[in-house]
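A quick write-up on the structure given underneath.
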Amino acid sequence: MIRGESLSKTFGDFQAVRPLDIHIREHGITAIMGGSGSGKTTLLRLLSGLERPSTGHVWFAGEDLSRISERRLFKLREQMGMVFQYSALLNSLDVYGNVAFPLHEHTSLDEKIIRRIVMMKLEQVGLRGFEDLMPSELSGGMAKRVAFARAMAMDPRVVFFDEPTSGLDPISSGVITSLIHDTVRQAHMTAVVVTHDVHAGLSIADHVILMWQGAIIASGSPDEIRASDDDRVRQFIEGRPDGPIPFSRSTRPYLDDLLEIKP
Amino acid sequence: MGPGGFLTPICTIFGRLGRRFLMFLQAMGDATVLSTDSLAHLLRRPWQGRHFIVQLHALGVDSLIIIIITGAFTGMVLALQGYYTLAKFGSESLLGAGVALSIIRELGPVLGAFMVIGRAGSSITAEIGIMRVTEQLDALQMMAVNPKARIILPRIVAATIALPLLVAIFDVIGIAAGYLVGVDLLGVNPGSYVAEMTAKVTEHDLNGGWVKAIVFGFMIGVICTFMGYRAEPTTEGVARATTQAVVIASVGVLMIDYILTSFFL
């Protein structure tokens with residue numbers, strides 16, 4: 001479905017994603033997991049064509065997203081949906097306007113039909129009756145659900161989720177996780193979920209990719225990841241502060257900084 | 001200080017200046033690419049007519065009050081100052097021509113541009129910058145809607161069309177306000193105010209004003225959209241981009257004004 005070959009991304013001197021190969025399987029959920037700053041969101045942006053890779057290629061539906069024209073990329077994006085970390089709802093439109101936006105843009109459907117589709121999508125996320133609210137009037141969980149409905153409006157082939165549960169209470173988090181699981185299964189979609197929520201990632205994914213410092217350190221089914229004896233994998237899924245993945249980023253001894261000892 | 005040590009600070013200063021100049025050239029190049037890419041969508045479907053009308057309203061109609069107030073006070077002050085100067089030479093009858101020429105050729109386009117930069121240009125930069133911070137520009141891209149066509153293009157076109165119209169209103173209000181002060185307050189002959197104005201203001205003067213307003217409008221649109229589009233995606237980044245947009249556009253108006261004036265003299 002989506003394939004990355006020798007994919008890397010560098011911002012100035014910082015290498016966010018080291019050269020890697022990745023394969024997103026069709027009709028399933030792939031979870032890309034890792035700690036903050038591990039490069040998972042950058043990888044998601046590369047796979048969705050939002051960022052051009054520094055090296056390598058991204059193949060989607062047989063076309064190289066890193067080489068095709070901007071026009072062709074926009075055409076292919078009609079088959080994609082994305083739920084952003086902070087929802088990214090259009091401030092100037094209400095809930096109805098946001099969910100109907102892709103339909104207004106890319107179809108010539110009658111407004112009555114569009115209304116029915118929007119109602120269907122809002123019912124799916126439990127927000128029917130809230131279509132007149134503006135994004136500023138929504139809670140974080142509601143905004144995520146509206147973003148979910150908007151991403152599904154065109155029934156895309158692939159949906160990207162960037163930290164779908166971050167900043168949500170456990171109930172909202174559970175609702176979003178179930179929505180992703182049920183919708184992708186029912187509609188035979190392909191989903192790529194970037195998350196550092198170990199429970200959510202391992203519970204809904206068919207395939208899990210674990211990242212650290214811009215590289216893939218483990219890949220496999222949730223059971224294979226749970227059974228991994230790699231110290232970095234164990235530290236991440238068990239949430240241990242001590243281990244090969246350092247909590248502190250400082251390279252200088254704490255005492256040297258406290259006593260202002262010059263290197 | 002070692003051999004050549006005194007040269008080091010000089011090299012540092014020139015190095016910094018060089019880097020700044022290269023950054024400036026890079027920004028100019030990026031702005032040109034962004035505006036050219038956006039303007040190319042003028043010829044492509046879907047047409048952005050509805051969004052253009054919305055922007056024309058935001059830039060034009062919403063700026064009317066400030067343009068009317070600025071135009072009125074500019075005309076009134078010009079009449080007062082002009083009368084004071086012309087009275088020294090016994091040429092008060094030339095007041096109408098003086099006020100009209102100053103406003104049509106210079107003050108209308110320049111002050112009108114400043115008002116639009118302050119009121120609408122800054123809000124364009126802030127709005128696009130906030131769309132960058134909140135990932136709305138990325139969301140548009142993922143919904144297969146090109147932000148250059150949807151966000152940038154309507155604002156550049158609206159600014160290019162709105163400013164000449166606002167400047168025309170500024171000119172009319174300014175001349176009328178000058179008439180009120182000159183004729184009703186200072187006692188200038190109303191016939192000579194109008195007759196000298198119509199005799200001295202030529203089509204060449206009017207064209208100079210129009211061309212300036214169109215160029216300024218386009219430049220404001222390009223600078224303000226570009227600064228918002230490439231704003232650093234942080235709160236401080238948007239604030240900095242907004243300030244820079246206002247400063248660069250204002251200085252740009254004065255620089256381009258000099259070049260255009262030298263052509264139209």
| query | Using alpha-carbon pairs under 8 Å, 6+ residues apart, how would you state the relative contact order of chain B in percent? | reply | 31 percent
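Expressed as a fraction of 2.2 N^0.38 Å, the rule-of-thumb size for a compact globular protein of N residues, what is the C-alpha radius of gyration of chain A? Write out the running numbers ahead of the final one.
Details: Rg = 20.0 Å, N = 263, 2.2 N^0.38 = 18.3 Å.
That works out to 1.09 for chain A.
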| field | Label-point separation in nm, B:THR261 to A:GLU70, each point 7 Å along Cα→Cβ | value | 3.7 nm
| request: Taking only Cα atoms and a 10 Å spring cutoff, compute GNM fluctuations for chain B and point out the largest among B:GLY71, B:GLY191, B:GLY221. | output: B:GLY191
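Among DSSP beta bridges whose residues both lie in the protein assembly as shown, state the antiparallel percentage, nearest 5. Working shown, then result.
Values: 20 of 39 bridges.
The antiparallel proportion sits near 50 percent.
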| query | Residues of A:70-79, mean number of Cβ from any other protein chain within 10 Å of their own Cβ, rounded to a whole number? | reply | 3
| note | Nearest-0.05 FRET efficiency for A:ASP155 and B:ARG119 at R0 = 41 Å, using Cβ-Cβ distance, is 0.40
| task | Note down the nm distance, to one decimal, between modelled labels 7 Å out along Cα→Cβ at A:GLU238 and at A:MET119. | result | 5.4 nm
| said: With 10 angstrom as the radius, rank B:GLU232, B:GLU135 by how many other C-beta atoms surround their C-beta, starting from the fewest. | reply: B:GLU232, B:GLU135
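Can you tell me the FRET efficiency between B:THR234 and B:TYR84 if r is taken as the Cβ-Cβ distance and R0 is 51 Å, rounded to the nearest 0.05?
Working: r = 51 Å, r/R0 = 1.00.
Given R0 = 51 Å and the Cβ-Cβ separation, E is 0.50.
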| message | Taking only complete DSSP H runs, can you tell me which helices of chain B stretch 27 Å or more along their own long axis by Cα positions and average at least 1.0 on the Kyte-Doolittle scale? | response | B:64-88, B:153-179, B:235-264
| said: Ranking request for peptides A:195-201, B:176-182, B:107-113, B:157-163: highest mean number of other beta-carbon atoms within 10 Å first, then the rest in descending order. | reply: B:107-113, B:157-163, B:176-182, A:195-201
| Considering only A:ALA191, A:GLY167, A:PHE236, whose Cα is most displaced toward the positive end of the charge dipole of the stretch A:2-244, charges sitting on Cβ of Lys, Arg (+1) and Asp, Glu (-1)? | A:ALA191
| note | The extension gain from A:ARG128 to A:LEU255, computed as 0.36 nm times the residue separation minus the Cα-Cα distance, is 40.0 nm
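Go ahead and run the numbers for FRET between A:ASP231 and B:VAL33, Cβ-Cβ distance against an R0 of 41 Å, rounding to 0.05.
On the way: r = 47 Å, r/R0 = 1.16.
So, using R0 = 41 Å, E works out to roughly 0.30.
Dipole size in debye (nearest 20) for the stretch A:2-244 around its Cα centre, Lys and Arg Cβ +1, Asp and Glu Cβ -1?
The dipole of the stretch A:2-244 has a size of about 480 debye.
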| Degrees separating the helix A:95-106 axis from the principal Cα axis of chain A, which is the longest one | 80 degrees
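In cubic angstrom, how much convex hull volume per residue do the alpha carbon atoms of the stretch B:1-145 span? Mind showing how you got there, number by number?
Numbers: hull volume 35.2 nm³, N = 145.
In the stretch B:1-145, the Cα hull volume divided by residue count equals 242 Å³.
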| Averaged over A:42-54, number of beta-carbon atoms from partner chains that fall within 10 Å | 1
| field | Positive-end residue, the stretch B:48-264 charge dipole about Cα centroid, Cβ charges, pick of B:ASN146, B:THR160, B:ILE68 | value | B:ASN146
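Hey, what's the Cα Rg ratio for the protein assembly as shown versus the globular rule of thumb, 2.2 N^0.38 Å?
Numbers: Rg = 29.8 Å, N = 528, 2.2 N^0.38 = 23.8 Å.
Compared with the compact-globule rule of thumb, the protein assembly as shown sits at 1.25.
Determine the shielding of peptide B:130-140 by partner chains: average, over its residues, the number of Cβ atoms on other chains within 10 angstrom of each Cβ. Don't jump to the answer; show the numbers that get you there.
Numbers: counts 1, 4, 0, 1, 8, 9, 9, 2, 8, 12, 4.
Mean shielding count: 5.
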| Highest GNM mean-square fluctuation, chain A, Cα pairs closer than 10 Å: which of A:ALA187, A:ALA151, A:ALA16? | A:ALA187
| message | Looking at the stretch A:70-215 only, what percent of DSSP beta bridges run antiparallel? Nearest 5 please. | response | 20 percent
| Anyone know which of A:GLU111, A:GLU26, A:GLU63 comes out most mobile in the 10 Å Cα GNM of chain A? | A:GLU111
| message | Using the Cα centre of chain B as origin and beta-carbon charges of +1 (Lys, Arg) and -1 (Asp, Glu), tell me which of B:VAL215, B:TYR229, B:GLY15 is placed farthest towards the positive end of the dipole. | response | B:GLY15
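Every number in this text was worked out from the coordinates using simple rules, so none of it is lab data. Predicted model only: the values in this text are computed from it and were never measured. In this analysis, Cβ positions are derived from the backbone assuming ideal geometry, glycine residues included, and neighbour counts consider all displayed protein chains.
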